[in-house]
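One structure below.
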Amino acid sequence: DQQVKQNSPSLSVQEGRISILNCDYTNSMFDYFLWYKKYPAEGPTFLISISSIKDKNEDGRFTVFLNKSAKHLSLHIVPSQPGDSAVYFCAASGLGRLYFGRGTQLTVWP
Amino acid sequence: NAGVTQTPKFQVLKTGQSMTLQCAQDMNHNSMYWYRQDPGMGLRLIYYSASEGTTDKGEVPNGYNVSRLNKREFSLRLESAAPSQTSVYFCASSENSGYTEAFFGQGTRLTVV
């Protein structure tokens, strides 16, 4: 049973606008969350993370928001750029390992 | 500046053949992982090693074995390959098994015919 869910397989956004990628989790034991970005034919690369003691973490154009009561996190990219087009994976840390969602394909068009 | 190195990058096997995927990291990380990525399925954990000398099953361990050869190396073996094992395999490592980001290799694209 999936413990980390990304319910949108794809998202298309115009360059310059905001991209919002969503992620839900089921296990309240998860206490650290990460976002990874993956280009075709490459391995996933770490993008940004957040601890469960915070509700927001910002790094340049990327911000992750965590709503623990709703077991929901989101990644905001502002402004979106064509180079951001990739698959984004949400992950949660617990029980000594990472649990990944199925990913969201983001396409940023000019 | 290698990070996580996987070999080979591509492989075609016939059903029933065996092979070993190699993974090495140079970051002195304690934990290492093997994932497979299939279309629409995301990254699924096959096996992991929280520290040298330990290995544990992940979500999809059937048909695979692993060896944590030393702190640097973690290999994945397919004893009798099946078409269902056609996938892209990623090795990853992290400083510890929680609260730290994992670094991934470039992947091995395996096709079983």
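The values are calculated or read from the model by the stated rules, or taken from the named source; none is laboratory data. Only a predicted model underlies this, so the values are computations on that prediction, with no experimental measurement involved. Every residue, glycine as well, gets a Cβ built from its backbone with ideal geometry; the counts of neighbours run over all protein chains shown. Note: areas computed on protein heavy atoms with side chains; ligands, DNA, RNA excluded. Shrake-Rupley method; radii C 1.70, N 1.55, O 1.52, S 1.80 Å.
Here is how the numbers come out for the structure above:
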| read-out | value |
| --- | --- |
| Any chance A:Thr26 is more than 9 Å from every other protein chain (Cβ to nearest Cβ), open to solvent by 30 Å² or more (accessible area, probe 1.4 Å) and more than 21 Å from B:Ser87 (Cα to Cα) | yes |
| A:Glu42 vs. criteria of a type in the set (D, E, K, R), open to solvent by 10 Å² or more (accessible area, probe 1.4 Å) and at pLDDT below 95 | yes |
| Test: residue in the stretch B:96-104 that is open to solvent by 10 Å² or more (accessible area, probe 1.4 Å) and either out of contact with any strand residue (DSSP E or B) (no Cβ under 9 Å at 6 or more places or on another chain) or assigned to a strand (DSSP E or B) (or both) | yes |
| Looking only at the stretch B:72-95, and only at residues there that are surrounded by 14 or more Cβ atoms within 10 Å (Cβ to Cβ) and assigned to a loop (DSSP other than H, G, I, E, B), the one that is farthest from the chain's Cα centre (by Cα) | B:Glu95 |
| Matching residues in the stretch B:45-61 - criterion: being part of a strand (DSSP E or B) and at the interface with chain A (Cβ under 10 Å from one of its Cβ atoms) | B:Leu45, B:Tyr48, B:Asp56 |
| Criterion: among the hydrophobic types (A, V, I, L, M, F, W, C), open to solvent by 30 Å² or more (accessible area, probe 1.4 Å) and farther than 27 Å from A:Val87 by Cα - qualifying residue of B:Leu13, B:Leu69 | B:Leu69 |
| Given (1) crowded, with 16+ Cβ neighbours inside 10 Å; (2) within 15 Å of the chain's Cα centre (by Cα); (3) more than 16 Å from B:Thr5 (Cα to Cα), number of the condition B:Val112 does not satisfy | (2) |
| Matching residues in the stretch A:30-89 - criterion: being charged (D, E, K, R) and either part of a loop (DSSP other than H, G, I, E, B) or touching a Ser or Thr at 6+ places or on another chain (Cβ under 8 Å) (or both) | A:Asp31, A:Lys37, A:Lys38, A:Glu42, A:Lys54, A:Asp55, A:Lys56, A:Arg61, A:Lys68, A:Lys71, A:Asp84 |
| Boolean, B:Arg109 is within 20 Å of A:Tyr39 (Cβ to Cβ), outside any loop (DSSP other than H, G, I, E, B), without any contact (Cβ under 8 Å) to a residue 60 or more places away in the chain and in contact with a strand residue (DSSP E or B) (Cβ under 9 Å, 6 or more places away or on another chain) | no |
